[in-house]
Amino acid sequence: MDNKYHMNGGDDLKSYAKNSEYQKQLLGYSKKVMNELIQQQLDVGLNPHFDHCNPFRIADFGCSTGRNTYLAAQNIIEAVEQKYKSNEEDPQVPEFLVFFNDLVQNDFNTLFNYIHSNKPNYFGAGVPGSFHGRVFPKAFLHIAHSSMALLYLSRIPEEVKDRNSAAWNKGRIHYSCSGAAKEVEAAYSTQFRKDIEAFLDARAEELIPGGLMVIITLGILDGVLPSECSMGVNFSILGSCLEDMAKMGIISEEKLDSFNLPYYYTSHMELETLIKAHGCFDIARFEKLPTPFRQVVHDIQTVVLSIRAVTEGLFEEHFGKDVIEELFQRYAEKVGSHPVLYDDKYRTEASYFVFLKRKTDTSKPGT
């Protein structure tokens, strides 16, 4: 499964494009603060890399498919245009080139079908490849952006699939599932640390000195147990559906024991510590965003489709296409009777907005 994660493509009822309103709202919440920080941190007139740069180069890492990535690009461009126009000595606004990056399995066809209806004021290009490694030349990008993508691990930790390891996650599909051993979460955390280091290494190379990076990611509040958040409950319910199907012989127990979801929900303290330890970026802002749909009780179909849009490809690849409808039908039946749909005690996820600036010393500390 390594590096094969992708959202449901197309634009039908089950697609990510039709089930990403939560992600869209986060972009809306972050727009004002991002604009303020770009006005403060973009070194127009002070940094030769920004003076008369043409084109101004922006990349969205983990763009997925749908209109959200275009909204993110437009928000950045409007803020940059405002900054250039405010430069009294030279208010000339550069042209813009926006790169949309995701894994090769991403539905780029649907993604670029949307761009024609957006009528963008920039040039666009798709760049396939894992953002856990380099995908652009050195000192090439002016601004990097990534929203709701860094929670995807580059790979499942080997220990959780090894029956001889203390971290073997037998019968469960995620470290947040009820009853998972503490060693399972530790293995996920270690993999997340490696992935964040790889991501920051790559962006430190690709961004110009003084370049900016915006990260929006889904995590949990400091001190909250993963099994107590809504995603932990949802994954436990999904896992129980697979467990039922294994008992009935619809899937094999071996298949279930070898399957784990590739998501990791970091905390504020953990992520901030990793960024500071990396040493190539200054943190201009790190804050919690409002929670979308906080006061909304979702109908069952909305919940099922939102989970299905981001997980179906993983389940299909591992268990086969034939079991998908039954899996999500069982999930709908179970989640419909669970208080996770309406009880605030389960809503302990936290969406974090992080604004970074590449240090002008281009060498990584300690190298």
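Compute the whole-percent fraction of alpha carbon pairs in the range 16-358 spaced more than 35 Å apart.
Taking all Cα-Cα pairs of the range 16-358, the fraction more than 35 Å apart is 24 percent.
For the Cα atoms of the chain, what angle does the longest principal axis make with the long axis of helix 21-41, in degrees from 0 to 90, nearest 10?
Helix 21-41 sits at roughly 30 degrees to that axis.
Could you rank the peptides 123-134, 149-160 by their average count of other C-beta atoms within 10 Å per residue, with the highest value first?
149-160, 123-134
If you roll a 1.4 Å probe over the chain with all protein chains in place, what percent of the accessible area is carbon or sulfur?
The computed percentage sits at 49.
Go through Lys18/Lys345; Lys194/Lys321; Lys18/Lys83; Lys276/Lys359; Lys31/Lys83; Lys31/Lys357 and tell me which ones have a Cα-Cα distance over 22 Å in this structure.
Listed pairs above 22 Å: Lys18/Lys345; Lys194/Lys321; Lys18/Lys83.
Take every DSSP beta bridge whose two residues both sit in the chain, then give the antiparallel share in percent to the nearest 5.
In the chain, approximately 45 percent of DSSP beta bridges are antiparallel ones.
Extending each Cα 7 Å along its Cβ direction at Phe286 and Glu316, get the distance between those two points in nm, one decimal.
3.8
Let me know the charge dipole size of the range 16-358 about its Cα centre in debye, to the nearest 20, where only the beta-carbon of Lys, Arg (+1) and Asp, Glu (-1) is charged.
About 220 debye.
Based solely on its DSSP helices, what 222 nm [θ] is calculated for the chain when runs of n ≥ 4 H residues each add -39,500 (n - 2.57) and the sum is averaged over all residues, nearest 500 deg cm²/dmol?
-12500 deg cm²/dmol
Please list the non-local residues whose amide H lies under 5 Å from the amide H of Phe56, H modeled 1.01 Å from N, same-chain partners needing a gap of 5 or more.
Distant-sequence amide H within range of Phe56: Glu95, Phe96, Leu97.
Please give every one of the aspartates and glutamates within straight-line cross-link reach of Lys32, meaning a C-alpha to C-alpha distance under 15 Å, and leave out same-chain neighbours fewer than 8 residues apart.
In chain and number order, the partners are Glu78, Glu81, Glu287.
So how do Val93, Val98 rank on accessible area, 1.4 Å probe, biggest first, that is with the largest at the start?
Val93, Val98
Roughly how tilted is helix 268-278, in degrees to the nearest 10 and between 0 and 90, from the longest Cα axis of the chain?
Between the helix axis and the principal axis of the chain, the angle is about 50 degrees.
Grab the beta carbon distance between Glu254 and Tyr22, set R0 = 45 Å, and tell me the FRET efficiency rounded to 0.05.
It comes out at approximately 0.85.
Could you work out how much longer the chain between Lys85 and Phe112 gets when fully extended? Use 0.36 nm per residue separation minus the Cα distance between them, nm to one decimal.
6.8 nm
Relative to the present Cα-Cα distance, how much length would full extension add between Gln39 and Asn121 at 0.36 nm per residue of separation?
Full extension from Gln39 to Asn121 adds 27.5 nm.
Among the aspartates and glutamates, which have Cα under 16 Å from the Cα of Lys85 when same-chain residues fewer than 8 positions away are ignored?
Glu36, Asp43, Asp51, Glu95
Just grab the label-to-label distance for Ala139 and Met269, each label 7 Å out from Cα along the Cβ direction, in nm (one decimal).
Roughly 3.9 nm, to one decimal.
To the nearest 10 degrees, how steep is helix 324-335 against the longest Cα principal axis of the chain, on a 0 to 90 scale?
That works out to roughly 80 degrees.
Please give the per residue accessible area of the chain, computed with a probe of 1.4 Å over protein heavy atoms only, in Å².
It amounts to 43 Å² per residue over the chain.
Distance from the Cα centre of the range 134-202 to that of the range 9-26, in angstrom?
The distance from the Cα centre of the range 134-202 to that of the range 9-26 comes to 24 Å.
The values are calculated or read from the model by the stated rules, or taken from the named source; none is laboratory data. For clarity, every value in this text was computed on a predicted model and none was experimentally measured. Neighbour counts are summed over all protein chains in view; Cβ atoms, including those assigned to glycine, are modelled from backbone coordinates with ideal geometry. Quick note on the areas: whole protein, heavy atoms, side chains included, nothing else; ligands and nucleic acids left out. Shrake-Rupley method; radii C 1.70, N 1.55, O 1.52, S 1.80 Å.
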